[in-house]
1. Nearest 0.05, what FRET efficiency do Thr117 and Ile296 give at R0 = 30 Å with Cβ-Cβ as r?
2. Taking the 0 to 90 degree range and rounding to the nearest ten, how far is the long axis of helix 234-249 tilted relative to the main principal axis of the chain, both from C-alpha atoms?
3. Using only the alpha-carbon atoms, how far is helix 176-204 inclined from the longest principal axis of the chain? Give it as 0 to 90 degrees, nearest 10.
4. Can you give the angle from 0 to 90° between the axis of helix 87-118 and the longest principal axis of the chain, with both taken from C-alpha atoms, to the nearest 10?
5. What distance in nm lies between label points placed 7 Å from Cα along the C-beta direction at Phe146 and Val73?
6. With 26 Å as the limit, write out which pairs from Lys94/Lys250; Lys70/Lys94; Lys94/Lys227; Lys250/Lys307; Lys121/Lys227 have Cα-Cα distances beyond it, or answer none.
7. Using helices alone, I'd like the mean residue ellipticity at 222 nm for the chain: each DSSP H run of four-plus residues gives -39500 (n - 2.57), total over residue count, nearest 500.
8. Could you give the length gained by full extension between His33 and Ser134, i.e. 0.36 nm per residue of separation minus their alpha carbon distance, to one decimal place?
Amino acid sequence: MEQVDQKKSLSQQLHDKASKISIGYDIEAHDKHYALLFLGPSLLILSVFVFYPMIKTVWMSFFLTNSLGKPTVFVGLQNYIDLFTSSAYLNSMKATFIYVLFVSILTIVLGLLLAQTASSKLKGIGFFRTAFSSTMGVSVSVAAIFWLFIFNPSVGLVNKIAEFLHLPVVNWLTQPGWAMFAIIVSTVWMNLGFTFLILFGALQSVPVTLYEAARIAGVSKRYQFFKITIPMISPTLFFAAIITLIDAFKSFGLIDMMTAGGPNNTTNLLVYRIYQDAFLNGNYALASTESVVLAIIIAVFTLIQFKFLEKKVTY
């Protein structure tokens, strides 16, 4: 009888375990259905507006297209060969690299300096915190109008100051060298609010006790900045560097409204060249090729940042 009872008990335990496993499988399957239900709309939108256009762009880069953008003749890699043998495109790439380099560095450095200044306990510092972050509420069109007025050769503020100081007056947006400078300054000003805000938030999270211990030890402000502040906010700095780089490569609005790629194509950056070739010249195949190349360039620079900058990040 005892053996019979033990067998019944064992079979009951096996049955209970099997029931629990089946219930677990049911719950897991149920969770998968819920996951698909919630992710479905997002995946649908991404498929229509991101994945399909991306695949179609890559596909069109291997063809010639008509004025309606329909592929006509398969040419393989010929579009890419034509692109990299074009002096105009290579000049645009060079201008883009110069623009991205200065915009990225200046935005991060100035944003960090402003955030450090705004972290000081000074009278009226709240006003400056608001002023430093105010560019986040300014649209691209308003910013372009503002800087067009600032750089106006006749009534612009910059040239008025130059006249007052008896310095030469410059046609900022019509001289090749100065046009790039004007665009870089405008873009840095436009991006500075966001960079300042996230770096300021990072500085507020640094424990005050670290600075108090450093002051007791007689450590200088410069040493505190480079040995305490920078390591503690390095994850945010890394994030800001990635975002700033990608945004700089995608800059369009200010260039379109202030210089339209001129003068002499000195500010005709890669994104603006894509716009010109696609919507002004009707060469959709070339524009698709340029889009693919730009996506690869952004991916490569982002990977380089991850490889070298992430090593400096302290988590």
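1. 0.20
2. Tilt relative to the chain: about 60 degrees.
3. 40
4. Between helix and principal axis, roughly 80 degrees.
5. Label-label distance for Phe146 and Val73, simple model: 5.0 nm.
6. Listed pairs above 26 Å: Lys70/Lys94; Lys94/Lys227.
7. For the chain, the value works out to -22500 deg cm²/dmol.
8. Difference between extended and current length: 31.9 nm.
Every number here is computed from the coordinates shown, using simple stated rules; none is lab data. Note that this is a predicted model, so its numbers are computed, not measured. We place every Cβ from the backbone using ideal geometry, glycine too, and count neighbours over all the protein chains shown.
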